[in-house]
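**Q** Input: one structure, supplied below.
The values are calculated or read from the model by the stated rules, or taken from the named source; none is laboratory data. Predicted, not measured: the structure shown is a model, and the values here were computed from it. FYI the Cβ positions are ideal-geometry reconstructions off the backbone, even for glycines, and counts take in every protein chain you see.
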Amino acid sequence: MTTPNQERSVGFLHALLAYGMWGLFPLYWKLYHSISPIETVSHRLLWSLVVLAILVVALKQTAELRSIFRSPKRLALLATTALLLSTNWGLFIYGVVTDRVVEGSLGYFLNPLVNILLAMVFLRERLTPVQTVALVLATCGVLHFGWHLGHPPWIALGIAVTFGLYGLLRKVISVNPLPGLFVETLLLAPVGLAIIGFMASQGQAAIVKTPSLVWLFITAGIVTTAPLYWFNSAAKRLPLSTMGFIQFLTPTMQLGIGVLVFHEAFTAREGVSFLLIWLAIGLYLATVFRMRKADLPTPTSD
């Protein structure tokens, strides 16, 4: 039997693996620069389904699948989350292959703040004054970024909103992470297969032009599933505030890759936008740690 400290250590390691792997994603998805993002997402769905099917059977979680398929309400909600997740994937991949990694990283910096806003709107949670200031700062950062970009930062906003809504809905659906992810992928797999079939019939599918790409597409299933598995493992073992803090590893790594590896522009104008976002994040984390500290039991003397 493992001790609580050992469980926390495993959780921390899995959180670092998940967020670290997501942080390195621009390097991996850049390999798909010559492939249509739609075809890439379609293959990602199909090969993720294969990997998830193996995991569901290996971890003996098939019983819950039957329960899910007997519930039209849960199926409808999972179909919605599947659409949100695939849209999020598509936006991120599109951002990478069109040299907009910095804008994509902005979306993941915004995600925790979008979660606060969604909780306020849909879960009737009240914002503290400090959280309100954080949202205002984040909004100013996005507006500043969009103003100098010449148009709204749709990729960043799309990534933040789709993943925020995905997390909100998965929070209220009574399904375990792995079976839920399998059903989501299964529901969209026919769409992905149809897209690949149509593109192949038109001679436009990359896998038809270059069959050796099949090995690259197969790895997409593993690359997609592994961090999700580590994330779910960490979420069971670590406090939410700790997960929220480690989460910022992902966009920080992505921003660094965009600027240092892909040499995307990061001038003083982008710096002002990110500074406002980082200030908002700092205020957000401060409220999280303050609330966590308030929940600690008061020490008593013997």
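**Q** Of the residues that make up the stretch 166-183, is at least one within 30 Å of ARG70 (Cβ to Cβ), surrounded by 15 or more Cβ atoms within 10 Å (Cβ to Cβ) and among the basic types (Lys, Arg)?
**A** Scanning the stretch 166-183 turns up at least one residue that is within 30 Å of ARG70 (Cβ to Cβ), surrounded by 15 or more Cβ atoms within 10 Å (Cβ to Cβ) and among the basic types (Lys, Arg).
**Q** Does the stretch 23-68 hold any residues that are more than 20 Å from GLN204 (Cα to Cα) and either without any contact (Cβ under 8 Å) to a residue 60 or more places away in the chain or of a type in the set (Val, Ile, Thr) (or both), and which are they?
**A** VAL50, VAL51, ILE54, VAL56, VAL57, ALA58, LYS60, THR62, ALA63, ARG66, SER67, ILE68
**Q** Something else: Since GLY158 meets every condition but one in (1) more than 30 Å from LEU65 (Cβ to Cβ); (2) more than 18 Å from the chain's Cα centre (by Cα); (3) not hydrophobic (A, V, I, L, M, F, W, C), which condition does it not meet?
**A** The failed condition is (2).
For (1) within 22 Å of TYR94 (Cβ to Cβ); (2) hydrophobic (A, V, I, L, M, F, W, C), each residue gets a yes or a no:
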{"residue": "ILE195", "(1), (2)": "yes, yes"}
{"residue": "SER201", "(1), (2)": "no, no"}
{"residue": "ILE207", "(1), (2)": "yes, yes"}
{"residue": "GLY221", "(1), (2)": "yes, no"}
{"residue": "THR225", "(1), (2)": "yes, no"}
{"residue": "ASN232", "(1), (2)": "no, no"}
{"residue": "GLN254", "(1), (2)": "yes, no"}
{"residue": "VAL259", "(1), (2)": "yes, yes"}
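**Q** Write out, first by first residue and then by second, each pair whose Cβ atoms fall under 8 Å of each other, whose residues are 6+ apart or on separate chains, and whose first residue, in the stretch 98-125, is over 15 Å from LYS171 (Cβ atoms) and among the acidic types (Asp, Glu) while the second is part of a helix (DSSP H, G or I) and at pLDDT below 80.
**A** If the second residue must be part of a helix (DSSP H, G or I) and at pLDDT below 80, the pairs left are GLU103/LEU149.
**Q** Quick one: in the stretch 143-156, which of the residues that are in contact with a helix residue (DSSP H, G or I) (Cβ under 7 Å, 6 or more places away or on another chain) and in a helix (DSSP H, G or I) is surrounded by the fewest Cβ atoms within 10 Å (Cβ to Cβ)?
**A** Here the residue is HIS148.
For every residue, the table says whether it meets (1) touching a His at 6+ places or on another chain (Cβ under 9 Å); (2) crowded, with 22+ Cβ neighbours inside 10 Å; (3) under 28 Å from LYS209 (Cβ atoms).
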residue	(1), (2), (3)
PRO4	no, no, no
LEU16	no, no, no
LYS30	no, no, yes
VAL57	no, no, no
THR62	no, no, no
SER71	no, no, no
THR81	no, yes, no
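**Q** Could you please find all residues in the stretch 90-101 being surrounded by fewer than 22 Cβ atoms within 10 Å (Cβ to Cβ) and either assigned to a helix (DSSP H, G or I) or under 12 Å from the mean Cα position of the chain (by Cα) (or both)?
**A** GLY90, TYR94, VAL97
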